[in-house]
Amino acid sequence: MDRTTLFADVILPLPVSGTFTYRVPYDLNDSVTIGKRVVVQFGARKIYTALIRTIHEKPPANHIPKYILSVLDELPVVSDIQFLFWDWISSYYMCHTGEVMNAALPSVMKLASESRMVLNPSFTGDLSGLNEKEMLLLEALGHRKMISISDVIRILDQQKVIPVIKTMIDKGIVLLEEELTDKYRPRREKVVRLSAELASGEEELRKLFNALEKRSPKQLEVLMTFVHLTKYEPGKPVSISRSSLMEKLSGGDSAMNALVKKGALIVSEEQVSRMPSGAQSFPVSSIQLTEDQQQALDSIRAGWIHNEVVLLHGVTSSGKTEIYINLIKEALDSGKQALYLLPEIALTTQIISRLKRYFGDRAGVYHSRFNEQEKAEIWNRTIDHQYDVILGARSAIFAPFTNLGLIIVDEEHDSSFKQYDPAPRYNGRDAAIILGKLHDAKVLLGSATPSIESYFNARQGKYGLVELMTRYREMELPQIEVVDIKQEHREGKMKSHFSSALLAKMEMAVKNREQVILFQNRRGFSLRLECETCHWMPSCKNCDVTLVYHKKINQLRCHYCGYVARIPERCPECNGLKIRMKGFGTERVEEDLEILMPDARVARMDLDTTRSKHGLQKILGDFEARKTDILIGTQMVTKGLDFDHVSTVCILNADNMLSYPDFRSGERSYQLMAQVGGRSGRKKKRGEVIIQTWQPSNPIIQYVVNNDYQGMYLAQLNDRKQFNYPPFYRLIVIRLKHRKPDVLNQAAASLASDLKARFGKRILGPEYPMVARVMNLYIKQIMIKLERGGETTAMKEKIKEILDGFYQKKEFSGVRLIIDVDSA
């Protein structure tokens, strides 16, 4: 009988084009399946985890393929729909499928060298038939439990070591894949439960209590604590982790062991979840929707009849979350899964507690704050349908859904949905819409301040549009007061960076046991130091930016590369002593408040205070529990957080946003101010918003004061149409980076010339961006404007051809290219 020779085309997690063909060993023919992970050698010495994309019997024409070394999975970890989704991202965002794979799979599910070789536990010790090289490696494993590939190269003094390792694997002497399979380790924990006899009825348990009360009070304490913590009910099996039980006992180790010896308690090691459990405490039917909410819910359902995507434009505090929960329940009731996307991890901590109330452990969370072991567990639990609802930031679109029925993108306007670095540089909102099409799922975009692109699509009929313009339970929109900082300074009313109106409002709020949120979109203490004599400013040695002063660490720091420097005693340019602080960040606001309002409890929420895994959760938890009176924050505080006792919100310096040189600055300034203002005023009291600015008559500020989204939208749309920006055009930005500016200039000029020859006036640049050097790499960028509705795919293919030609030019081989489609 003829043996079938199979070949597999695999995707490698590398920035390389296409797939790579490997031969399947005959004994693995029944094991290989599309979507499974395999171990392959790539190049002379590197080993990677690859994904099988296709299986066939056609050998490659131009080379002899290497063998697959092993298969890692019993079942596929990536589905056909996921592969199609990856292909779309790769094509649309002009990146490699391997880069998408790298972003999509949790790190513990991937391997790059160094791989390690370990002794096979089944090895009998038979040394007959081993050659000299195999004996050398076996001897090395006698001294160490594992050796890396680089160790093998050094021991054998040769580069091509994979054939030797493969032979030893075939002989059953060593294992190479153990490092891979053990990378994700299910958590195991000692669990305590009652014996079957005691668990079945109260009578036996009561007898044991009486006996222990007289002879062993310590054992009685253990047993009573167990019953209390597990909420014991006769006949109902209950258990608790040994560590949780011991936490509640003072000592008790010997008492516990005595109860185990008597057979009263049973201790066993079991696989447990790393994820926090949350029991369902309310049915969704307990949510009482207002008339306006119910009307919006009905309109969304009606909108989905004609459109796969519906935009819900609902003002802040209009009760969008309750609508989302009802829609999720409908999806789950029909046997489907739901995905709930949020722009910031800050929001997931609040929203997940609400989802857990209604969906219990059917709701899971997927975002970057989880460690890799936790991510892998969420991945596996989603495949197994243990999670029907996944809530997360943009990377949650890569979760392995098998039957997705609903996607909700909350705060859809937010720029955090855009991935900037590394590739793929995708937009989570736009990718979610494509994911919905692939699964035939309904998509709902929600925002109080929709992006101009989404609102334009809705007005054009591409999306359904539902508007919810009343706040929940008829709460009033906050009262907005614009404070002219110039006038306050002139009248001598400013104290530090606080106007007289703001200080009065904060003092009143704290006195009334209400809470305050202060928004300043810069972290650090002072934005820059400046010599008053010669105007010298300390700058980063690696980047073209000034250093920010952080008082807590008493250092100057670069927010681009992390470079730190000491505070100079004298100006290094003129030797002067008049070095002054200019501008202010959240750290400065916090310190000034501690002086001006010493009795107020102040907290700060920015990148510096939320770096730890649970730092953000603690800050929000303390604020929700009213342990904090005033919360100072960057953009994190603007995004959908819901607190009942916030009466006053202030934007300390609106001009930072308005003056940013970007075509989206007007839209984003409106969104930020409207969103942060929406945190004010809950329940029965109307909130107050203070906007401090040097330019109170700015049109954007007036749109915010009048809650005039339509006015802002029409004005911005007119400007964008005039200057060929989205939503009328698509933007592709190509950034070139190199350590030598002269090489960069030549490369940028050459590439721009090639592009202009094909696309003409659609090409702008090359130009230096605002920050022209980061981490010692100089940057130039070229912008391409492509008409919407045109032959976008064909144009992208032409751009790829031109880029491929650029890569062939040896004089520019060291120039790095970054392609950003739909640049934000």
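The values are calculated or read from the model by the stated rules, or taken from the named source; none is laboratory data. Owing to the predicted nature of the structure, the values given are computational and were not obtained by experimental measurement. Cβ coordinates were reconstructed from backbone atoms using ideal geometry, including for glycine residues, and neighbour counts include every protein chain displayed. When the accessible area is computed, the model is the full protein with side chains, heavy atoms only, and any ligands, DNA or RNA have been set aside. Shrake-Rupley method; radii C 1.70, N 1.55, O 1.52, S 1.80 Å.
Whether a residue is under 14 Å from Leu339 (Cα atoms), β-branched (Val, Ile, Thr) and in contact with a helix residue (DSSP H, G or I) (Cβ under 6 Å, 6 or more places away or on another chain) was assessed, and Ile390 passes this test. Residues of the stretch 15-42 that are closer than 19 Å to Leu175 by Cβ, at pLDDT below 90 and crowded, with 18+ Cβ neighbours inside 10 Å: Val39, Val40, Gln41. Going by what's in this entry, would Leu596 be described as open to solvent by 20 Å² or more (accessible area, probe 1.4 Å), touching a Lys or Arg at 6+ places or on another chain (Cβ under 7 Å) and closer than 22 Å to Met506 by Cα? Yes. Can you pull out the residues in the stretch 504-536 that are of a type in the set (A, V, I, L, M) and open to solvent by 50 Å² or more (accessible area, probe 1.4 Å)? Hits for the stretch 504-536 are Ala504, Met508.
For the stretch 249-343, the strands (runs of 3 or more DSSP E) that sit wholly inside it and include 2 or more residues that are open to solvent by 20 Å² or more (accessible area, probe 1.4 Å) and modelled with pLDDT under 80 are 265-271. Might you check whether a residue that is in a loop (DSSP other than H, G, I, E, B), out of contact with any helix residue (DSSP H, G or I) (no Cβ under 8 Å at 6 or more places or on another chain) and more than 28 Å from Ile553 (Cα to Cα) occurs anywhere in the stretch 614-633? Yes: the stretch 614-633 contains one or more residues that are in a loop (DSSP other than H, G, I, E, B), out of contact with any helix residue (DSSP H, G or I) (no Cβ under 8 Å at 6 or more places or on another chain) and more than 28 Å from Ile553 (Cα to Cα). From the list Leu198, Leu212, the one residue that fits, being closer than 30 Å to Ala258 by Cβ, modelled with pLDDT of 75 or more and in a helix (DSSP H, G or I), is Leu212.
Checking each residue in the stretch 699-734 for being open to solvent by less than 20 Å² (accessible area, probe 1.4 Å), closer than 23 Å to Ile818 by Cα and either among the basic types (Lys, Arg) or not in a loop (DSSP other than H, G, I, E, B) (or both) picks out Leu731, Ile732, Val733, Ile734. Filtered by the rule that a residue be farther than 15 Å from Val260 by Cα and out of contact with any helix residue (DSSP H, G or I) (no Cβ under 7 Å at 6 or more places or on another chain), the stretch 225-242 gives Val227, His228, Thr230, Lys231, Tyr232, Glu233, Lys236. When the residues of the stretch 1-42 are filtered to those that are in a loop (DSSP other than H, G, I, E, B) and among the hydroxyl-bearing types (Ser, Thr, Tyr), the one that is farthest from Ile153 (Cα to Cα) is Thr4. Among the residues of the stretch 416-440, those that are farther than 23 Å from Leu672 by Cβ and either in contact with a His (Cβ under 7 Å, 6 or more places away or on another chain) or open to solvent by 30 Å² or more (accessible area, probe 1.4 Å) (or both) comprise Pro422, Ile434, Lys437, Leu438, Asp440. Take Lys796 and tell me if it is of a type in the set (D, E, K, R) and open to solvent by 20 Å² or more (accessible area, probe 1.4 Å). Taking the combined requirement at face value, the residue does not satisfy it. Checking the structure you have, find out if any residue of the stretch 402-415 is surrounded by fewer than 19 Cβ atoms within 10 Å (Cβ to Cβ) and of a type outside the set (S, T, N, Q). So far as the stretch 402-415 goes, no, none of its residues is surrounded by fewer than 19 Cβ atoms within 10 Å (Cβ to Cβ) and of a type outside the set (S, T, N, Q).
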